[in-house]
Amino acid sequence: MYSVESLLSLIKKTPLTKPLRILNVCGGHERAITRAGFRTLFQHNIHLIPGPGCPVCICPEEDIAFAIHLALNENVVIASFGDMLRVPIDCAIDGCDSLIAAKNSGADVRPISSVQEAVSIAIGEPEKAVVFFAVGFETTMAPVAAALLADLPNNLKVLLSGRLTWPAVAHVLRSQKDTFDALIAPGHVATIMGCEEWQFVIDHHDLPVSISGFHPESLLLSIHALIKNCSSRVITLNNSYPEVVKHHGNSAAKTLLKTAFTQVDAHWRGIGVIPRSGFSLAAKLSHLDVTNHYEPIDSSSRIIQTGLKTPPPCEQVILGQMAPDGCPFFGKECIPASPKGACMVSDEGACRIWYSAGERSVIEVIEKGNMQKVEIKS
């Protein structure tokens with residue numbers, strides 16, 4: 001077993017010829033990195049750059065808008081994970097730019113923490129139509145799949161906005177070639193999908209990758225492995241979370257995902273459409289799809305709601321092009337109590353994490369060609 005102290009010592013002793021730019025995908029990793037103060041510790045030596053690993057942040061506005069529309073106009077109960085209620089959209093639906101605004105206007109919108117709660121609402125109130133707004137990555141979608149494949153009450157429908165993680169990472173790496181030197185992959189996703197899913201980072205982008213857990217020791221193990229790779233110019237796929245992550249992942253969970261869903265081209269807020277990056281209900285579950293039961297939004301009901309001349313550049317934060325505090329709205333017009341952008345809502349959103357922890361950039365996080373002397377701060 002390694003201690004934090006021993007790992008920091010190993011990192012300090014591993015030579016670097018230039019600063020190392022590491023993309024850390026997961027919002028849980030970003031929260032752990034920030035709370036541990038890694039950026040202050042490493043300063044100019046290791047750039048830990050948050051990426052598109054917050055499902056709340058990348059949920060497309062059109063899905064949120066449809067949920068608001070249903071809540072206001074179709075006499076349904078909208079049940080969704082709590083963070084989704086506060087995510088703003090740029091165009092309001094009947095005067096409401098979020099689900100919490102719709103709730104405050106009298107709509108029946110209920111925060112939940114699991115799919116089982118949505119099922120319980122539908123069972124307990126059979127006279128009501130209940131729409132489960134399902135948002136999340138593979139780790140959330142696996143239990144959702146299990147629930148949807150079980151016997152469900154007839155009054156439950158699903159607005160599905162699930163996404164796969166690796167296609168977004170592939171998009172970021174492909175669209176920003178030579179921007180990153182290494183990748184920290186999310187341990188919880190790898191627990192479901194397996195180490196093997198991240199081999200593409202090596203095969204197609206020639207970058208080392210380390211799968212990490214969510215405690216400082218696991219993250220430091222990953223950082224050390226990536227430093228060694230870059231120092232020796234040997235590219236490997238490293239598993240720093242072996243206690244739960246296996247090469248082929250969780251076969252039962254993968255079977256659930258494959259049975260309940262199909263993979264489709266999907267829109268990511270701030271990114272655009274990424275091929276085969278979304279979950280859609282399998283044909284056998286199409287009767288649950290809320291879009292088959294209600295008409296789409298009437299565009300005439302949409303009005304411009306934001307009071308900002310330009311929206312916050314959330315997409316640049318999501319893509320790792322800008323540190324959260326590089327946004328001109330960060331900590332000013334955009335704060336957790338009144339978020340203007342999606343990244344300030346969830347505790348997995350980079351802006352929310354940085355604001356809550358008082359995190360600030362030590363240097364510009366994307367700094368190409370910097371060959372300054374490397375010294376890890378003691």
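Observations on the model:
- Highlighted here are the strands (runs of 3 or more DSSP E) found entirely within the stretch 174-278 that include at least 3 residues which are within 30 Å of Val87 (Cα to Cα): 182-186, 261-268.
- Restricting the search to helices (runs of 4 or more DSSP H) fully inside the stretch 59-160 and requiring at least 1 residues that are in contact (Cβ under 8 Å) with a residue 40 or more places away in the chain and more than 19 Å from the chain's Cα centre (by Cα) gives 61-73, 115-124, 138-148.
- Residues of the stretch 177-205 that are open to solvent by less than 20 Å² (accessible area, probe 1.4 Å), out of contact with any helix residue (DSSP H, G or I) (no Cβ under 6 Å at 6 or more places or on another chain) and not hydroxyl-bearing (Ser, Thr, Tyr): Phe180, Pro186, Gly187, Ala190, Gly194, Cys195, Trp198, Val201.
- Only listed residue being at pLDDT 95 or above, open to solvent by less than 70 Å² (accessible area, probe 1.4 Å) and on the phi < 0 side of the Ramachandran plot, chosen from Leu319, Leu281: Leu281
- Residue match in the stretch 343-355 (condition: within 25 Å of Pro111 (Cα to Cα), at pLDDT 95 or above, aromatic (Phe, Trp, Tyr) and not in a loop (DSSP other than H, G, I, E, B)): yes
- For the stretch 206-224, filtered to residues that are open to solvent by 20 Å² or more (accessible area, probe 1.4 Å) and either touching a residue at least 40 places away in the same chain (Cβ under 8 Å) or under 17 Å from Ala190 (Cβ atoms) (or both), the residue that is nearest to the chain's Cα centre (by Cα) is Phe214.
- From the options Gly53, Gly37, residue that is touching a helix residue (DSSP H, G or I) at 6+ places or on another chain (Cβ under 8 Å) and small (Gly, Ala, Ser): Gly53
- Of all residues in the stretch 232-263 being small (Gly, Ala, Ser) and closer than 19 Å to Ser212 by Cα, the one that is surrounded by the most Cβ atoms within 10 Å (Cβ to Cβ): Ser240
The values are calculated or read from the model by the stated rules, or taken from the named source; none is laboratory data. Not measured: the values here are computed from a predicted model. In this analysis, Cβ positions are derived from the backbone assuming ideal geometry, glycine residues included, and neighbour counts consider all displayed protein chains. For the accessible areas, the whole protein counts, side chains as well, though only heavy atoms, and no ligand, DNA or RNA atoms are used. Shrake-Rupley method; radii C 1.70, N 1.55, O 1.52, S 1.80 Å.
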